[in-house]
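The structure under discussion appears below in the form of structure tokens.
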Amino acid sequence: MSSSEEDPTNETPRLPTSQVVKFLILSDTHSTSAFHRPTPRVDVVLHCGDLTKNGTHDELLKALILLGSISAELKLVIAGNHDIALDTGHYTLEGGSESESAKATKLMYGTFAQSCGVKFLTEGTYEYRLRSGALLRVHASPYTPHHRHSAFQYPRDQDRFNPPNATPQWAYNVGTQESIVPEGVDVLMTHGPPQYILDATENGQPAGCEHLRRAVERVRPRLHCFGHLRREYGACRVRYTDGVGQVLPKEPVKKHQPLKRGFAALSAASADEFKRDKGQGLMVNAAIVDKNGEPTNAPWLVELELGANGWV
């Protein structure tokens, strides 16, 4: 499903220059309210799924209260594989009822979520006109490759993120208008990582999606944020060259600094290079809960320059 929230006059605002838009990115909060605060005032909050640990209505309610405590103009939220009640097909197969799933889904779209400033996104592409006049284009997807029994999953030989001509012969394409990542998105917001980018498991093997990685290299988003693989919390930049994303070293994060100020961010040198080099994309694994299930990680603060027609 696509959404457009623009000026009611349908006229493109005239911006003297690009606007700096501040994003607070988090994922895998798993029903905790203990991530480090106070959070900075930002323009946009992005929550990349796993709001809950067990996917219950009460846990989702708790997550909405947490998001409601953050000050921001726009708060975008997707589901993750732990948010099982929001995936009706999976939930009923696992013994849950359709009525319980409907209740959870209604909560995420209902008046309480709205009062918390939350917009819950299903898979699709969305546009938002910010108060500054800047346009934000987002593609969102809660889906991750199959692993054990969980919600919002697909077999690894299914390519949902690319058009048929971009799918290798060993896989088969199941892309739809909603699932295919289009050209021109500023932010790609998924629950899981792309292959070989902040996606290592305990044994060091990559668990990210190859098809998602191919979509990233095809559309070159300025920001791709996700979570899911909690041991790989952090950020790295990617330099897009000739259709291939060259992954730059992982950004160093001083453990005590985010604890003190309530967020993690690029170093001054990295932030300056990212701002100057428009051929780079920023990848952020913003899992709040760590590999031991403890909420030891801070949200990421990221700044993007956006104009009246997207990033510049």
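The values are calculated or read from the model by the stated rules, or taken from the named source; none is laboratory data. Note that this is a predicted model, so its numbers are computed, not measured. Backbone-built Cβ (ideal geometry, glycine too); neighbour counts: all protein chains shown. Heavy atoms of the whole protein, side chains included, go into the accessibility calculation; ligands, DNA and RNA do not. Shrake-Rupley method; radii C 1.70, N 1.55, O 1.52, S 1.80 Å.
So the values come out like this:
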| quantity | calculated |
| --- | --- |
| Residue selected from segment 111-138 under the condition surrounded by 20 or more Cβ atoms within 10 Å (Cβ to Cβ) and of a type in the set (Val, Ile, Thr), by the criterion nearest to GLY307 (Cα to Cα) | VAL138 |
| Tally of residues being among the hydrophobic types (A, V, I, L, M, F, W, C) and open to solvent by 30 Å² or more (accessible area, probe 1.4 Å) across segment 171-202 | 2 |
| Qualifying residue in segment 35-43 (condition: within 17 Å of PHE120 (Cβ to Cβ) and modelled with pLDDT of 95 or more) | no |
| Given (1) among the hydrophobic types (A, V, I, L, M, F, W, C); (2) surrounded by fewer than 24 Cβ atoms within 10 Å (Cβ to Cβ); (3) touching a residue at least 12 places away in the same chain (Cβ under 8 Å), index of the condition LEU93 fails | (3) |
| Options PHE226, PHE274, PHE263: the member that is open to solvent by less than 60 Å² (accessible area, probe 1.4 Å), in contact with a Pro (Cβ under 7 Å, 6 or more places away or on another chain) and under 26 Å from GLN195 (Cβ atoms) | PHE226 |
| In segment 68-90, the residues that are buried (at least 20 other Cβ atoms within 10 Å of the Cβ) and touching a strand residue (DSSP E or B) at 6+ places or on another chain (Cβ under 7 Å) | ILE70, LEU74, LYS75, LEU76, VAL77, ILE78, ASN81 |
| Count - residues of segment 233-242 that are exposed (fewer than 10 other Cβ atoms within 10 Å of the Cβ) and modelled with pLDDT of 95 or more | 0 |
| Hits in segment 220-243 (condition: assigned to a strand (DSSP E or B) and under 24 Å from TYR143 (Cβ atoms)) | LEU223, HIS224, CYS225, PHE226, GLY234, ALA235, CYS236, VAL238, TYR240 |
| Qualifying residue in segment 139-161 (condition: open to solvent by 20 Å² or more (accessible area, probe 1.4 Å) and farther than 30 Å from GLY95 by Cβ) | no |
| Failed item in (1) assigned to a loop (DSSP other than H, G, I, E, B); (2) farther than 13 Å from LEU26 by Cβ, with ALA298 passing the rest | (2) |
| Check on LEU304, part of a loop (DSSP other than H, G, I, E, B) and buried (at least 17 other Cβ atoms within 10 Å of the Cβ) | no |
| Unique residue being at pLDDT below 90 and more than 15 Å from the chain's Cα centre (by Cα) when the list is GLY245, GLY279 | GLY245 |
| Within segment 53-81, tally of residues that are within 20 Å of ALA151 (Cβ to Cβ), part of a loop (DSSP other than H, G, I, E, B), over 15 Å from the mean Cα position of the chain (by Cα) and not polar (S, T, N, Q) | 2 |
| Filter result for GLN205 (farther than 23 Å from HIS146 by Cβ and open to solvent by 40 Å² or more (accessible area, probe 1.4 Å)) | no |
